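Shown next, in structure tokens, is the structure this report addresses.
The values are calculated or read from the model by the stated rules, or taken from the named source; none is laboratory data. For clarity, every value in this text was computed on a predicted model and none was experimentally measured. Glycine gets a Cβ as well: all are built from the backbone with ideal geometry, and neighbour counts include every protein chain shown. Quick note on the areas: whole protein, heavy atoms, side chains included, nothing else; ligands and nucleic acids left out. Shrake-Rupley method; radii C 1.70, N 1.55, O 1.52, S 1.80 Å.
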Amino acid sequence: NVICPGYIDTEMVLAVPPKVLEGIVATIPVGRLGKAGEIAKMACFLASDDAAFITGATMTVNGAQYIAG
């Protein structure tokens with residue numbers, strides 16, 4: 001399995017010039033940057049027994065910015 005995060009509210013992303021960042025957020029259907037905790041929750045889920053039958057999957061955690069499938 002692999003987790004493919006979108007733009008996450010991190011120091012690196014927040015260092016992008018404000019006008020550029022506004023343009024990026026405008027392309028994210030949920031209207032915001034992701035949070036590191038949301039990526040961590042996906043990792044915890046994939047490591048849990050609840051995900052025992054999920055194998056070889058691409059998990060996009062990106063606010064619907066792009067769809068993989």
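When every residue of the range 23-33 is checked against the conditions, none turns out to be basic (Lys, Arg), modelled with pLDDT of 95 or more and assigned to a helix (DSSP H, G or I). Taking every residue in the range 35-51 that is open to solvent by 80 Å² or more (accessible area, probe 1.4 Å) and pairing it with any residue that is modelled with pLDDT of 95 or more and not β-branched (Val, Ile, Thr), at least 6 positions away or on another chain, the pairs with Cβ-Cβ distances below 9 Å are LYS35/ASP9. Note on the range 16-32: among residues that are open to solvent by 60 Å² or more (accessible area, probe 1.4 Å) and of a type in the set (Val, Ile, Thr), the one that is farthest from TYR66 (Cα to Cα) is VAL20. If only residues of the range 1-15 that are open to solvent by less than 40 Å² (accessible area, probe 1.4 Å) and not in a strand (DSSP E or B) are counted, the one that is farthest from ALA57 (Cα to Cα) is VAL13.
Collect the residues in the range 34-60 that are under 14 Å from the mean Cα position of the chain (by Cα) and either in a loop (DSSP other than H, G, I, E, B) or of a type in the set (Lys, Arg) (or both), keeping them in residue-number order. The answer is LYS35, LYS41.
Considering only the range 17-62, how many residues are among the aromatic types (Phe, Trp, Tyr) and over 13 Å from ILE3 (Cβ atoms)? Break it down stepwise before answering.
First, the residues of the range 17-62 that are among the aromatic types (Phe, Trp, Tyr): 45, 53.
Then keep just the ones that are over 13 Å from ILE3 (Cβ atoms); that gives 53.
Number satisfying all stated conditions: 1.
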